[in-house]
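Student: Before anything else, here's the structure in question.
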Amino acid sequence: LALGAYPETGLKEARERREDARKLLANGADPSETKKAQKAASVERSANSFEVIAREWFEKRRSSWSASHADKIIKRLENDVFPWLGGRAIAEITAPDVLSVLRRIEGRGTLDTAHRAAGNCSQVFRYAIATGRAERDPVPDLRGALPPARGGNFAAITDPNGVGELLRAFDAFRGTFIVKCALEVAPRVFVRPGELRKAEWEGFELDKAEWSYFVTKTKIWHLVPLATQVVAILRELHALTGHGRYVF
């Protein structure tokens, strides 16, 4: 049984290894085979580490996400989870281990990120269970351990007078022509601001008064009927600026 090469292995450490080997022999175990088994276990632990499985899960799922959403998830894992849990065997990670990571994120004042990280970790654990590399997901055990995230929203205007004020503000806008057109189109198509901002000319059929575009998140096509006012706005906009890919 090799005990290590000098000077990497000092005399004291070599003696300790020798005594360990003698104890194994006294108990009827082969030190050489024990060492091989320990090495194999170490390799298996590395192959089943949290980071290895998380990256495998990420690659399996990323095609179903938008590029920006996928980028946020992998950066969250790389920055806030992998440095502390990445090298651990996923089957040995406990609820307190995960909570320690989440507390660190919470301590930065980013509670919402902590909740999102918990959700991502839970998805990785469930993937490990499905692929036979873990037996349970410890994240549900943390329910109530973090304060609830205080989500904010942009409340819709429901008062008719308020809607009128908003539309008059659009009409009074004195900025660029393109932005003014976008403001006039927005309340007539009822799409998300990001979808309007990324609208491409090739998706419009003004003669049919239709706009179609592909929604990456849901993987479906949306067809938006266009009011006559919208068609008129877009025709004027296209005549002046419609030489590029995007409308606005």
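Student: Go through Ala145, Ala149, Ala186, Ala232 for me and flag whichever is surrounded by 10 or more Cβ atoms within 10 Å (Cβ to Cβ), aliphatic (A, V, I, L, M), closer than 30 Å to Leu99 by Cβ and modelled with pLDDT of 90 or more. I'd like the intermediate steps shown before the answer.
Tutor: Details: Ala149 fails: modelled with pLDDT of 90 or more; Ala186 fails: closer than 30 Å to Leu99 by Cβ; Ala232 fails: closer than 30 Å to Leu99 by Cβ.
Answer to the check: Ala145.
Student: Please name all residue pairs, on different chains or six or more residues apart, with Cβ atoms under 7 Å, provided the first residue is in region 220-240 and is farther than 12 Å from Asp207 by Cβ and the second residue is assigned to a strand (DSSP E or B) and among the hydroxyl-bearing types (Ser, Thr, Tyr).
Tutor: Correct list of pairs: Trp221/Ser212; His222/Ser212; His222/Tyr213; Leu223/Ser212.
Student: Select from region 58-81 the residues that are at pLDDT 95 or above, open to solvent by less than 70 Å² (accessible area, probe 1.4 Å) and more than 11 Å from the chain's Cα centre (by Cα) and list them in ascending order.
Tutor: Once the filter is applied, which keeps residues that are at pLDDT 95 or above, open to solvent by less than 70 Å² (accessible area, probe 1.4 Å) and more than 11 Å from the chain's Cα centre (by Cα), region 58-81 yields Asp80, Val81.
The values are calculated or read from the model by the stated rules, or taken from the named source; none is laboratory data. Nothing here was measured: the structure is a model prediction, and the numbers come from that model. Positions of Cβ are backbone-derived with ideal geometry, glycine not excepted, and every protein chain shown enters the neighbour counts. Each accessible area value is taken on the protein alone, full model and side chains, heavy atoms only, with ligands, DNA and RNA left out. Shrake-Rupley method; radii C 1.70, N 1.55, O 1.52, S 1.80 Å.
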